Amino acid sequence: MDEIIHVQGLPEVITEVPRSADQNPALVYLVSLPAKSGRVSQRQVIEKIASWLGGTIESVDWGNLKYAYTIALKTKVLDSGYSPASARKFLAALRGILKNAWKLGQINADEYAKAVDLGKVGGSTLPAGRYVGEEELKMIFDSCIGPIGIRDAALIAILYGCGVRREELINLDMSDYRPDDGTLTVHGKRDKDRLAYITNGTKEALDAWIEKRGAAPGPLFLAINKSGKARIDRRLSSQMVYNTIQKRAKSCGLEHFSPHSLRRTFCSRLLDAGVDISTTAKLAGHANVTTTALYDRRSGETQRAGVQLLTIPYTKKE
């Protein structure tokens, strides 16, 4: 069990009379997050922070988190072996909570400025996932038969052919697709829309699904009932997409295969085809090309071929 953080000489941060939801900085922060997946993820982070303080999201008096507490929490995160990306999520949650505590008048500007001055977390890790080979993709598509298979083939084609995120996929509506010019409006992070281009097999797979789905307005990807009919009233969830990909991969004997593997392969294939990294970043919805570079999962043979282009002017000395 984790040791509870105490800071001698400072007020206790656990209250016997919890604040109402609209006055709880942590709950206000969670409500402000735009994506449901982000709210779920950050709630888990905040619950962990609260447990380190000896309480819950509701029982912690977040306005009493002075600098001594926040720096102790940062040390706790770093000492707990979290990856740099995960550690940054913890600090982002802390800063978001404290900002709302300041807005709610529960911490003054001076104490707030000190408490959020936590510096940066250095280091980086490669994104999870792997490069998906063409033969593996063919196996996956060949496994997609029947009404559900038609839908699964289309969503896999969009994940791979457009490089969309799971959250972006499930939020697509019929109105976002324009078959006349082959474009798909993708609603990305931080309310940033971008165009995806539906071509080749991706268009064929998507059109086959729409023929099965019907042209009624609503979510582009739907749940399918036992009789094989699409349910216009039920949008797919992010977890349902993940489970679908896992099930298809398992049926083909493929391991370490996730929806994000398809997105990484999308980026890698574009770079491999000679598309510049700036264009690839725009197509993937990355705000920074540095992120796109981390997604490069080209095969070892491709990297080997690249290295072989170098001329090394060495000759053996007798």
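Considering only region 20-62, state which residues are among the basic types (Lys, Arg) and under 28 Å from LEU169 (Cβ atoms).
Let us first name the residues in region 20-62 that are among the basic types (Lys, Arg), namely 36, 39, 43, 48.
Of everything in region 20-62, those that are among the basic types (Lys, Arg) and under 28 Å from LEU169 (Cβ atoms) turn out to be LYS36, ARG39, ARG43.
Scanning region 91-112 for residues that are within 19 Å of ILE71 (Cβ to Cβ) and touching a Ser or Thr at 6+ places or on another chain (Cβ under 8 Å) gives LEU94, GLY96, LEU98. Considering region 1-36, and only residues there that are in the same structural domain as LYS66 (by TED's automatic domain parsing) and under 17 Å from PHE90 (Cβ atoms), the residue that is surrounded by the most Cβ atoms within 10 Å (Cβ to Cβ) turns out to be ALA26.
Kindly provide the set of residues from region 219-238 that are aliphatic (A, V, I, L, M) and under 19 Å from CYS144 (Cβ atoms), ordered by number. It would help to see each step written out before you state the result.
Residues of region 219-238 that are aliphatic (A, V, I, L, M), as a first pass: 220, 222-224, 230, 232, 236.
Within region 219-238, LEU220, LEU222, ALA223, ILE224, ALA230, LEU236 meet the criteria.
Just to verify a result, which residue in region 262-278, among those that are at pLDDT below 90 and small (Gly, Ala, Ser), is nearest to the chain's Cα centre (by Cα)? For region 262-278, the residue satisfying everything is SER268. When THR202, THR185 are checked against the criterion of being part of a helix (DSSP H, G or I), β-branched (Val, Ile, Thr) and assigned by TED's automatic domain parsing to the domain that holds LEU271, a single residue qualifies: THR202. Restricted to region 209-318, the set of helices (runs of 4 or more DSSP H) holding at least 1 residues that are among the polar types (S, T, N, Q) and in contact with a Cys (Cβ under 7 Å, 6 or more places away or on another chain) comprises 277-284, 289-294.
Looking across region 96-126 at every residue that is surrounded by fewer than 17 Cβ atoms within 10 Å (Cβ to Cβ) and within 20 Å of the chain's Cα centre (by Cα), the one that is modelled with the lowest pLDDT is identified as LEU126. Pairs meeting the criteria (first residue in region 138-153 and under 15 Å from GLU204 (Cβ atoms), second residue outside any helix (DSSP H, G or I) and aromatic (Phe, Trp, Tyr), beta carbons under 9 Å, at least 6 apart or on different chains) are ARG151/PHE221.
Is it the case, given these coordinates, that THR279 is assigned by TED's automatic domain parsing to the domain that holds ARG165, in contact with a His (Cβ under 9 Å, 6 or more places away or on another chain) and either within 15 Å of LEU137 (Cβ to Cβ) or among the polar types (S, T, N, Q) (or both)? It is false that THR279 is assigned by TED's automatic domain parsing to the domain that holds ARG165, in contact with a His (Cβ under 9 Å, 6 or more places away or on another chain) and either within 15 Å of LEU137 (Cβ to Cβ) or among the polar types (S, T, N, Q) (or both). Of the helices (runs of 4 or more DSSP H) lying entirely inside region 1-114, the ones with 2 or more residues being in contact with a strand residue (DSSP E or B) (Cβ under 9 Å, 6 or more places away or on another chain) are found at 36-52.
Mind listing whichever residues of region 127-174 are of a type in the set (D, E, K, R) and touching a helix residue (DSSP H, G or I) at 6+ places or on another chain (Cβ under 6 Å)? Walk me through it before giving the result.
Initially, region 127-174 is screened for residues of a type in the set (D, E, K, R), giving 130, 134-136, 138, 142, 151-152, 165-168, 173.
Within region 127-174, ARG130, ARG151, ASP152, ARG166, GLU167 meet the criteria.
The values are calculated or read from the model by the stated rules, or taken from the named source; none is laboratory data. Bear in mind the structure is a predicted one, so any value in this text is a computation, not a measurement. Virtual Cβ from ideal backbone geometry, glycine too; neighbours counted across all protein chains shown.
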